[in-house]
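Encoded as structure tokens, the structure appears first; notes follow it.
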Amino acid sequence: MQDYVNQLLLAINRYDSEDAQTVNHLRDLVCWISDDESLKKEPIIADLLYIASQKMRVFGYNILNGFLEEPVPSSSALRDLENAAIVNLYRSRVNEANILDQSQKEVIDTFQNISPRRLLVSAPTSYGKTFLMREIVFLNKERYKNILLVFPTVALLLENARMMSDFVFNNKLTYHVVKTVDAVCDDGTPQIFVFTPERALQLIASFPDIKIDFFFFDEVYKIDEDYCGDAMDEGGDEEGQKRQNSVPQNNSFLEEDRGKTFRIALYLLAKNVEEYYLAGPNLNQEQFGLGMKRFLERNQIKTKEVLFEPTLRITAKAYGEVIEEQLPAFLPGAKTKALVSIKPKINDKIRDVIAYIEREDYGKTLLYCTTPAKAIEYSNKLVESIGSEDIYENYPDEFKNFISHIKKEYDVENFVEEWSLIRVLRNGFGMHHGKLPKYIQQEILEQFNNGVFRILFCTSTIVEGVNTDAQNMIILNPSKGRKKLTPFDIKNIKGRAGRYYHCFVGRVFYMSKELSEIENSTALALDFVTYSQKELNTIDLDNAGIEDLILPNMQRKQERDEMTSQFLLPQDVFIKNRTVSKENQEKLLQKLMEQDEYSKYYGLLSHPVIVEDFLKYRWIRKILGTFFEAGLIDERTRKKFFAVANSYYENGFKGILKYEIGLYKDKKLKSADKAYSNAFLSLRSILEHKIPKILSLFESILVCAAQQRGDCPDGFSLSRVRRYYETGVKSLLGEALIEYGFPTDAIRRIEERHKSILDLDVQKAKDYCREHFTSISALLDEYEKQLFIRAMRTFRSTRP
């Protein structure tokens, strides 16, 4: 023990906040020793850990250690006052129980003291960037009336919307939390918009006069497709590759990279909002490209880079014949780590590394896989080697009910028994990827964090903003989809092992030597292509101001503006769907200006659109036909999209799944897993994303055609129809339940049997459900029933 005491004393005395070496040295000691429960019982060590945390101003260490006050009571009243003063200085303004670390307080102080208040923060993963956003909002609550928070995914949007609702409620603020453009209020009510970049662009287009006082933009690196190496979650497997390669050119507007959406949203917001806070993990200022540098300079944005990692993160080589943990040599006990032999084949390696982690009692483990197909393959092999259904008997009843629910909900002719997800969960492991329904992802993640199982196979969906308390990360492949991981990607993946405030030590196991080579290679330059010398695509050109461009893009912009000025398409119509090229919008407008084509939609324009009528009369078939005639989609896409949409309307998700299972039965698919994956992909890609995009474009162009023909389509809107395809439900209560994490088809059963809910707002529908609880609960299984009760208790009267 004396060795630990001596090292801590020496490190505390040598600590210099301006010297990274002494900072990291003390961090490693504190984390290494704090990770040993028996050592912390020694009073002198506990006291030194407390002193070290106070000196570093990294208060999470003391909170996680359970040191709410000095472990060894001081005999000095002056020292007690000093400790209290330090804590009070860094105490959160939003929640008094929270203490800001020094670097976090510096971020807030920097924002509050710069002019203009525009800040880009680069910090490690799980640093608390959104936590700091809430502090900033609270400090400026009197000045900010309309606030926009932009998150990269719907899952993060929903998670943060719930947090902001709690934030507003707990602090007795007057903001309405708004998650969809349909719910935006223009009567002067203070609002917090929690949107994706797509919804942020809808807000700008639908409410051009709205004044946003502050915006927060999360994961800012996603403006650069090359830098973040984005890849579709389903890419990488053989069939996914074929699917991507077979996309016809005239379907391209449905396949645009989301990087353009992020880029355009940030470009417009930064030019039109006075104060903002941009955030991203592990951004290296020295590696910013010309475009990024010009963006920061032209918008007077200050950059703050936080390099300190509060967690001791240990890398372990597991790609050779042994597992070799690379520990800092000065750590007490570091030299006692023996090399452990592992077998050469990948599935044997996975088993050996997991066995090693379990034997050493290192905690929960994430296994990063390139694609869902790889996650399925590796998890199945692990089940074969060490899985045991005996584990299922020890699961909590709630989780057993969940497994029973998904077996019932997704069974077609008993093929659910061949679905790997069921097999993996029953054998004590988890699986999380983007093809699974959101509520299944959410439940699996929650049970993993609760410790129901300790091993979770995942893809990029879990390493981009989704928080777990895993202590270990096994990186199985050096790719993301079909692209190689970048050094930036690897840092982000590593950052998911050992989350601050949850554990002191995180371990990352490299299963490929190439991972080390990539990590040590030259970092890519984060760029903002709009401001750069790179040749811009037409969509970026059409959304940029000529004053921000440099040659030759400036000249190309002038030429393009001259050419597109001849289009029928007005600029105010283009901006409603500004990530669709002007050429494609013009094609659709020209087609709808034809008398025969326009006349097809008299019935749709003549009265407010009711979702049930739109679905019942198959308006989507006509709309897809118009897109085909305009040359925007091909015949195969037209037929497939209608078949999927119609099947979903008539039979819910099971209708789509039944078709894919039929292909498997006819031996046109290799496995039941592929059938399930294809069905979930159709739900996510076609119904939730592409059809709403088609409907949004169709609505604005049809209105434009009507106006140019002298008609007045006042009140025509497809927004509720779009929301139906995005969520699968028709009521405001249904949308609220979806966002809570409730199964879509269960909501559809409720809506079908209790149609009066369709016309009620959330609060009135909640009252209705309370009055008719017995009949509603009869429609639900045990898992759904408990989830429904929890959801109804959670809902507050905020906007949808």
Residue that is among the hydrophobic types (A, V, I, L, M, F, W, C), touching a residue at least 12 places away in the same chain (Cβ under 8 Å) and open to solvent by less than 20 Å² (accessible area, probe 1.4 Å), where the choices are F216, F207
F216
Residues located in region 18-57, provided they are within 19 Å of R499 (Cβ to Cβ), within 32 Å of the chain's Cα centre (by Cα), open to solvent by 20 Å² or more (accessible area, probe 1.4 Å) and of a type in the set (D, E, K, R)
R27, D35
Only listed residue being closer than 25 Å to T153 by Cα, in a helix (DSSP H, G or I), of a type in the set (D, E) and free of Cβ contacts under 8 Å to residues at least 40 places away in the same chain, chosen from E699, E660
E699
Checked region 479-516 for anything touching a Lys or Arg at 6+ places or on another chain (Cβ under 7 Å), part of a strand (DSSP E or B) and either of a type in the set (V, I, T) or under 21 Å from V58 (Cα atoms) (or both); matches are G506, V508
Applying the selection to region 381-416, what residues are within 16 Å of I474 (Cβ to Cβ) and open to solvent by 20 Å² or more (accessible area, probe 1.4 Å)?
K381, S385, I386
Go over the candidates V150, V154 one by one and state the one that is within 26 Å of V466 (Cα to Cα) and open to solvent by 40 Å² or more (accessible area, probe 1.4 Å).
V154
Only one of these conditions is not met by K179: (1) closer than 25 Å to L732 by Cβ; (2) out of contact with any helix residue (DSSP H, G or I) (no Cβ under 7 Å at 6 or more places or on another chain); (3) open to solvent by 10 Å² or more (accessible area, probe 1.4 Å). Which number is it?
(2)
Per the list (1) assigned to a helix (DSSP H, G or I); (2) modelled with pLDDT under 95, residue check on F742 breaks on (1)
Specify the residue that is farthest from F131 (Cα to Cα); the eligible residues are those in region 58-111 that are open to solvent by less than 40 Å² (accessible area, probe 1.4 Å), at pLDDT below 90 and part of a helix (DSSP H, G or I).
N83
When every residue in region 197-217 that is modelled with pLDDT of 95 or more and not in a helix (DSSP H, G or I) is compared, the one farthest from the chain's Cα centre (by Cα) is K211
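For (1) open to solvent by less than 20 Å² (accessible area, probe 1.4 Å); (2) part of a helix (DSSP H, G or I); (3) of a type in the set (F, W, Y), each residue gets a yes or a no:
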position: L421; (1), (2), (3): yes, yes, no
position: K435; (1), (2), (3): yes, no, no
position: V452; (1), (2), (3): no, no, no
position: F457; (1), (2), (3): yes, no, yes
position: T461; (1), (2), (3): no, yes, no
position: V466; (1), (2), (3): no, no, no
position: A470; (1), (2), (3): yes, no, no
position: I474; (1), (2), (3): yes, no, no
Given (1) at pLDDT 90 or above; (2) open to solvent by 40 Å² or more (accessible area, probe 1.4 Å), N171 misses just (2)
Filter region 310-328 for residues that are under 20 Å from A52 (Cβ atoms) and either assigned to a strand (DSSP E or B) or modelled with pLDDT under 90 (or both); the one that is most open to solvent (accessible area, probe 1.4 Å) is R313
Exclusive hit being touching a residue at least 40 places away in the same chain (Cβ under 8 Å), of a type in the set (A, V, I, L, M), part of a helix (DSSP H, G or I) and open to solvent by 20 Å² or more (accessible area, probe 1.4 Å), set I539, I575:
I575
Selected residue (criterion: nearest to the chain's Cα centre (by Cα)) from residues of region 286-309 that are surrounded by fewer than 18 Cβ atoms within 10 Å (Cβ to Cβ) and acidic (D, E):
E305
Looking at region 178-209, which of its residues are within 15 Å of S700 (Cβ to Cβ) and either touching a Gly at 6+ places or on another chain (Cβ under 8 Å) or polar (S, T, N, Q) (or both)?
Q202, S206
Hey, S521 among the small types (G, A, S) and in a helix (DSSP H, G or I) or not
no
Candidate set from region 762-800 (those that are at pLDDT below 90 and not in a helix (DSSP H, G or I)); member that is farthest from the chain's Cα centre (by Cα)
S797
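The values are calculated or read from the model by the stated rules, or taken from the named source; none is laboratory data. Computed from a predicted model, the values in this text were never measured in an experiment. Ideal geometry is used to build each Cβ from the backbone, glycine not excepted, and the neighbour counts take in all protein chains shown. Side chains are part of the model used for accessible areas, which takes the heavy atoms of the whole protein and leaves out ligands, DNA and RNA. Shrake-Rupley method; radii C 1.70, N 1.55, O 1.52, S 1.80 Å.
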